[in-house]
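Nothing in this text is a laboratory measurement; each read-out follows from the coordinates by a stated rule. These numbers were taken from a predicted model, which means no experiment stands behind them.
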Amino acid sequence: MLESVTASEGPADESSAPGPASHTGQPVRTAAFFDLDKTVIAKSSTLAFSKPFFDQGLLNRRAVLKSSYAQFLFLMSGADHDQMDRMRTYLTDMCTGWDVEQVRSVVSETLHEIVDPLVFAEAANLIADHKLCGRDVVVVSASGEEIVAPIARALGATHAMATRMVAEDGKYTGEVAFYCFGEGKAEAIRELATREGYALEHCYAYSDSITDLPMLETVGHPSVVNPDRGLRKEAAAREWPVLTFSRPVPLRDRLPAAPSGAAVATTVAVGLSALAGGALTYSLLRKVLPRTTTRR
């Protein structure tokens, strides 16, 4: 039930109520918009593919060192917009020239193995509640669409909006087609609402980060999940519901036995933040693990 995922009583309970009706008496179309990292899943989705990318030669030691500052900013909660913009520059430089098919192959082959377990049980229940009420569910993330789309589909989401990179002749150019971050998330939500006929004043949104304030302001029913300091302060001032999610469950229980053709087809563009998180994760592992590891 919805009450099991709320940390405070109030407007969040409205999400289990039937949708509103228009002046014609017909139901109004609504949606629930979810940030992904630290909102639906317990850690950054972008860290998951670090070792496969390194093993395939997409990440090297020089790239790890060059992007260390950007990686640090990504892992720090509450990074401001200027810091995130600098991180994007580091990332686009690093992935320029990567082979699209190689990235697609890495993601499709390792998806089930490395995303388990990530999903908050409370988030999964809340998503199910919204779907039972007839609302569309939309995952909105700054991570790359090659990661976001399969996870969103596994959760039963109706749509996924994520960062997209430009590719020419099968290689990433280093240019960003769409950066799904900050105001970009809000713009994407408004465009989707226009296309799908959502009444945003009756829609819901959930996020953990102050950088998603524009997204939360777009809907009539915003809630914050495991918020960073800035967002917690904002939520208190605006009397927004504060939710606490703390029980990750295996995502493999929610995924099909094998990736569908459609799932593989969507894993084309490389995720900006996935590159940064992956490089840092492997760098840290190399420092912690013994150098005398026996090769098999």
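Tabulated data for the structure shown
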read-out: Residue-wise HN-Hα coupling along the stretch 170-179, computed from phi with Karplus coefficients 6.51, -1.76, 1.60 (Hz; x: Gly, Pro); value: x, 10, 6, 7, x, 8, 9, 6, 7, 9
read-out: The stretch 174-205 versus the stretch 117-147: alpha-carbon centroid distance in Å; value: 16
read-out: Gained length - residue 89 relative to residue 113, 0.36 nm times residue gap less alpha-carbon distance; value: 5.6 nm
read-out: Taking all pairs of distinct alpha-carbon atoms in the stretch 128-207, Kirkwood radius in angstrom; value: 13.7
